[in-house]
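Every read-out reported here was derived from the displayed coordinates using simple, explicitly stated rules and does not represent laboratory data. Since we're looking at a predicted model, the values are computed, not measured. Every residue, glycine among them, receives a Cβ derived from its backbone with ideal geometry; neighbour counts consider all protein chains shown.
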Amino acid sequence: METANIAIVGAGKGGYECLKVLLTTPNVLIKYVCDIDPNAKGVMLAKQHKISYVARLSEFIHDPEVDLIFESTGRPEVFEELSRAKLPTTSLVGSGGTRVIFSLLDSYNEVNRSLRSYKMNLERRIIERTEELEKLNTELSKEKAATERLYEQQREINEEKSRYLIHTTHQLKAPFAAIHNYVDIILDGYAGPLAQETRDLVLKIKTRCELLSETILDMLELARLKAQDLELVREDVDLCAVVNDVVERFAVSAAAKRLLVRVDAPKEPLIARTVGKRLFELLAVLLENAVKYSPPDGSIEIAMKVASDGKRVISIMDHGIGIPEANLGKIFREFFRSNNAVRFEPNGNGLGLAIAGEIANLLDITIEVESELEKGTTFHVRI
Ligand SMILES: Nc1ncnc2c1ncn2[C@@H]1O[C@H](COP(=O)(O)OP(=O)(O)OP(=O)(O)O)[C@@H](O)[C@H]1O
Ligand SMILES: [Mg+2]
């Protein structure tokens, strides 16, 4: 916007008011204030603002830079003289018009002032809020760092625990194998003939030994999984092949209970990028449980499909004893066994699902379980 050069004629009360308003109006340059009285109120104000003061019209009326004259004397003869003498390029507003324009300008300036102060307020509040947020942010970062330190310590403790567990169970393995061997030697008669009662006792020792070795191996496996002390090489794995291997592995124990294991596999190979050996272990835990917790002469169904989100899902369904609803959240805990399971099958150490859970963690697999007491259980493995 171009600057308008203005002259005010008459510096009494009206002129003074005009001047005051124009001083706060943007894009306006007051070039002259004209009045015969050098002590008029407006003249004083003009001088304070270093505006040229003139006493006579002739002193500025021929200045071609003046765009607009505000006449505020209220005297018609002054207006007439101005109309006659002014250059054609200069506009002239008489007293009446000047009053209207200035009351409008005044309101405009008032609105502007309010807007400015509102804006300043807003800016101040934004600065205050930003400072508050920055303070909060620093506090949060400090808390985050503290939590991370705690988490790191926790991780180190867990690793230490796992290393310790691996070490001790490992040390148990050798003496146990030795006991096992001695028991076999005794049973095979190399330590002399055995009375029937002694043989029965030694056979019991052998069974206990076998169960304990299993527990030791499971604990070792679990500790290794927790310590992430395993090489995990992911490759394209044919899930149907893994499922068939697992079924094969439990064929004897299933047949012993006359359980029919049905596999519903898709025609084409179902491929997933995972660690085949660990997936086998995970599925083995689930099928072992299905066989273990099913009454004889039943069936177990294994289904495989691709879910809508692209995940491969393997479901193992049995019609066995089921899991009490209250225990569904506990079955992945180490050494947890449900009462109905202990009654149905006293042997077991409650480590199978803990191992399966750790493997699932490592391989980004989720295991979901649905179960109804005395109706059966289904585990869905999403890969
Ligand atoms: N298919 C199933 N049917 C019924 N209960 C089950 C089934 N699978 C798991 N459970 C419950 O979850 C518990 C934990 O299972 P997990 O495999 O960890 O231990 P376990 O079978 O008791 O012993 P092991 O360590 O020898 O496998 C079981 O004791 C049982 O209560
Ligand atoms: Mg089990």
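Report for the chain the percent antiparallel among DSSP-assigned beta bridges with both residues inside it, nearest 5.
55 percent
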- At most 14 other Cβ atoms within 10 Å and a DSSP loop assignment: could you name the trypsin sites (Lys or Arg not before Pro) in segment 140-237 that fit? ARG234
- Message: Compute, for the chain, the length of the dipole vector about the Cα centre, with Cβ point charges of +1 (Lys, Arg) and -1 (Asp, Glu) only. Units Debye, rounded to 20.
- Response: 760 debye
- Message: Quick query: amide H of SER299 versus all other amide H atoms, modeled in the peptide plane; which residues come in under 5 Å with a sequence gap of 5 or more or a different chain?
- Response: LEU260, HIS319
- the chain: longest stretch without exposed chymotrypsin sites (Phe, Trp or Tyr not before Pro) (DSSP loop, at most 12 other Cβ within 10 Å), sites themselves excluded? 1-189
- Note on the structure: Rounded to the nearest Å, the spacing of the alpha-carbon centers of segment 51-79 and segment 154-190 is 113 Å
- Item | Spatially proximal lysines relative to LYS375 (Cα-Cα < 19 Å; intrachain offsets below 8 disregarded) | LYS257, LYS292
- Cleavage-rule hits (GluC sites (Glu not before Pro)) in segment 305-383: DSSP loop, at most 15 neighbouring Cβ within 10 angstrom: GLU374
- So what J values fall out for segment 125-133 if you push phi through Karplus, 6.51 cos²θ - 1.76 cosθ + 1.60 with θ = phi - 60°, rounded to Hz, Gly and Pro as x? 5, 4, 4, 4, 5, 4, 4, 4, 4
- Helix 196-226: angle to the longest alpha-carbon principal axis of the chain, degrees 0 to 90, nearest 10? 20 degrees
- Task: Give me the distance between the Cα centres of segment 124-146 and segment 296-341, rounded to whole Å.
- Result: 48 Å
- Query: If r is the Cβ-Cβ distance from SER114 to LEU68 and R0 is 30 Å, what FRET efficiency results, to the nearest 0.05?
  - Reply: 0.65
- C-alpha long axis of helix 276-292 to longest principal axis of the chain, angle in °: 60 degrees
- Tell me the GluC sites (Glu not before Pro) within segment 40-127 that lie in a loop according to DSSP and have at most 12 other beta-carbon atoms within 10 Å. GLU65
- Taking the Cα atoms only, what angle lies between the long axis of helix 352-362 and the longest principal axis of the chain, rounded to 10 degrees? 40 degrees
- Note on the structure: With +1 at each Lys and Arg Cβ and -1 at each Asp and Glu Cβ, the charge dipole magnitude of segment 235-382 around its Cα centre, to the nearest 20 debye, comes out at 200 debye
- Task: Determine the gain in length on full extension of the stretch LEU23-ARG56; use 0.36 nm per residue of separation and subtract their C-alpha separation, reporting nm with one decimal.
- Result: 9.7 nm
- Return the FRET efficiency for the residue pair GLU248, GLU210: r is the Cβ-Cβ distance, R0 is 22 Å, and the value is rounded to the nearest 0.05. 0.50
- Query: If you put +1 on each Lys and Arg Cβ and -1 on each Asp and Glu Cβ, how big is the dipole of segment 203-309 around its Cα centre, in Debye rounded to 20?
  - Reply: 440 debye
- Message: How far apart, in nanometres, would the label points at ILE126 and THR138 be if each is projected 7 angstrom from Cα along the Cα-to-Cβ direction?
- Response: 2.3 nm
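For ASN339 and SER308, what is the calculated FRET efficiency with R₀ set at 30 Å and r taken between the beta-carbons, to the nearest 0.05? Walk me through the numbers on the way to the answer.
Working: r = 38 Å, r/R0 = 1.27.
The formula returns an efficiency of 0.20 here.
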- Query: Of THR198, ILE127, ILE157, which is farthest on the positive side of the dipole of segment 101-201, counting Cα position, with +1 on Lys and Arg Cβ, -1 on Asp and Glu Cβ, and the Cα centre as origin?
  - Reply: ILE127
- Among VAL291, VAL33, VAL313, residue whose mean-square fluctuation peaks in a GNM of the chain (springs only between Cα atoms under 10 Å): VAL33
- Note on the structure: For the chain the mean separation of alpha carbon contacts under 8 Å (6+ apart) over residue count, i.e. relative contact order in percent, is 10 percent
